[in-house]
Amino acid sequence: MNNKSVKSGFGIGCIIFAVAAIIAIPVRILQFFTVIEGGTGFYSETDWSVYLLYAVLAVSIVAILIFGFAKRKTLDYSLETVKRPGLSSLSLIAACGTGLDAYNCFMKIMSEETVVTAPDSPVDASKLIFMLEGIFALLSAIYFILLFLTYIKGTSNGSKIRLLALSPVIWNILRIVIRFMRTISYIRVSELLFEMIMIAFLILFFMALAQANTGIAAEKVEWKIASYGLPAALLALICFVPRLVVMLSGHTELFYSESTVEFCDLGVALFIIGTVLTRVTDKLPENTDSTEG
């Protein structure tokens with residue numbers, strides 16, 4: 001079967017993403033060892049790195065959104081029934097990450113130390129939300145495993161996995177609810193701010209992806225997959241990579257007390273990058289036949 005999709009659909013957006021990641025990730029790593037207070041997550045001072053990081057993130061995210069909106073009429077989402085070994089591998093990594101998040105949630109449920117930081121909320125409320133997050137993280141892992149099997153076999157395009165398509169959306173909604181329940185200011189704590197913006201973009205990305213895969217309200221949704229997905233992936237890498245470096249360096253005391261290394265962030269970031277690179281394409285000319293499975 002010939003792959004007739006044009007694979008350059010969101011090339012400029014991907015370049016913006018790559019440049020932003022190359023600049024922002026080292027800057028964020030530097031901040032952990034210089035201006036971020038361990039435990040609280042507050043900046044001890046607002047130096048050049050703070051202004052640079054926020055400027056890079058703001059400019060790159062706005063640029064990606066504008067570029068995607070400008071191409072909303074010319075982008076397509078490939079539904080060709082072909083083997084996608086690269087994307088299948090990334091789907092498996094995402095499955096491992098979400099499965100690990102489910103495990104962590106269930107461990108928190110069994111821990112007597114799990115509490116809601118809001119003083120007027122009962123302890124059972126936090127455990128209920130962690131239980132729901134764990135359930136939908138597990139369902140998301142199953143969804144990614146099915147995508148892995150679909151892409152590696154090349155016998156379907158993923159459109160038949162409808163029942164589980166919204167699992168990642170609900171999983172991320174529960175993740176952001178947990179963060180809203182914290183009493184600390186998410187504006188003052190940059191780690192929490194980045195997490196919340198990341199999860200918000202993840203909700204939008206997975207909703208658009210579900211629409212495109214299932215064909216439900218899927219008209220002109222292709223640009224949203226790329227324009228919401230790449231900012232989510234960028235912020236996920238900024239949340240994951242610096243924390244991993246800090247952990248490997250043996251300085252975990254530098255972490256904000258409520259934020260640790262979450263491998264699900266890496267998994268979904270890689271999955272998003274693979275999806276945008278391989279499935280968001282330029283539209284074919286109307287007189288050219290395209291194969292859909």
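The values are calculated or read from the model by the stated rules, or taken from the named source; none is laboratory data. In this text the structure is predicted, and so the values were computed from the model without any measurement. Here Cβ is always computed from backbone atoms with ideal geometry, including for glycine, and neighbour counts include all displayed protein chains. Calculation scope for accessible area: heavy atoms of the full protein, side chains included, ligands and nucleic acids excluded. Shrake-Rupley method; radii C 1.70, N 1.55, O 1.52, S 1.80 Å.
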Looking across segment 113-151 at residues that are touching a helix residue (DSSP H, G or I) at 6+ places or on another chain (Cβ under 9 Å), in a helix (DSSP H, G or I) and among the small types (Gly, Ala, Ser), the single one that is modelled with the lowest pLDDT is Ser126
So, Glu45, is that one more than 25 Å from Ile161 (Cβ to Cβ), in a loop (DSSP other than H, G, I, E, B) and at pLDDT below 95 or not?
yes
Within segment 234-251, is even one residue at pLDDT below 95, of a type in the set (S, T, N, Q) and within 20 Å of Thr98 (Cβ to Cβ)?
no
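Just give me the residues in segment 52-101 being of a type in the set (Val, Ile, Thr) and surrounded by 14 or more Cβ atoms within 10 Å (Cβ to Cβ), in sequence order. Lay out the reasoning, then the answer.
Taking segment 52-101 and keeping what is of a type in the set (Val, Ile, Thr), we get 56, 59, 61-62, 64, 66, 74, 81-82, 93, 98.
Within segment 52-101, Val56, Ile61, Ile64, Thr81, Val82, Ile93, Thr98 qualify.
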Can you run down the residue pairs with Cβ atoms below 7 Å, 6 or more apart or on separate chains, where the first is in segment 84-111 and basic (Lys, Arg) and the partner is not in a helix (DSSP H, G or I)?
Lys108/Thr114
Output the residue which, of all residues in segment 165-183 that are open to solvent by 20 Å² or more (accessible area, probe 1.4 Å) and not in a helix (DSSP H, G or I), is modelled with the lowest pLDDT.
Thr183
Do any residues in segment 18-35 that are part of a helix (DSSP H, G or I) have Cβ atoms under 8 Å from those of residues that are of a type in the set (D, E, K, R) and surrounded by fewer than 14 Cβ atoms within 10 Å (Cβ to Cβ), where the two are at least six apart or on different chains, and which pairs are they?
Thr34/Asp47
For segment 222-232, indicate whether the set of residues that are surrounded by fewer than 24 Cβ atoms within 10 Å (Cβ to Cβ), of a type outside the set (Phe, Trp, Tyr) and more than 14 Å from Cys264 (Cβ to Cβ) is non-empty.
yes
Against the condition at pLDDT 95 or above, closer than 21 Å to Ala58 by Cα, open to solvent by 10 Å² or more (accessible area, probe 1.4 Å) and touching a helix residue (DSSP H, G or I) at 6+ places or on another chain (Cβ under 7 Å), how does Tyr186 come out, does it pass?
no
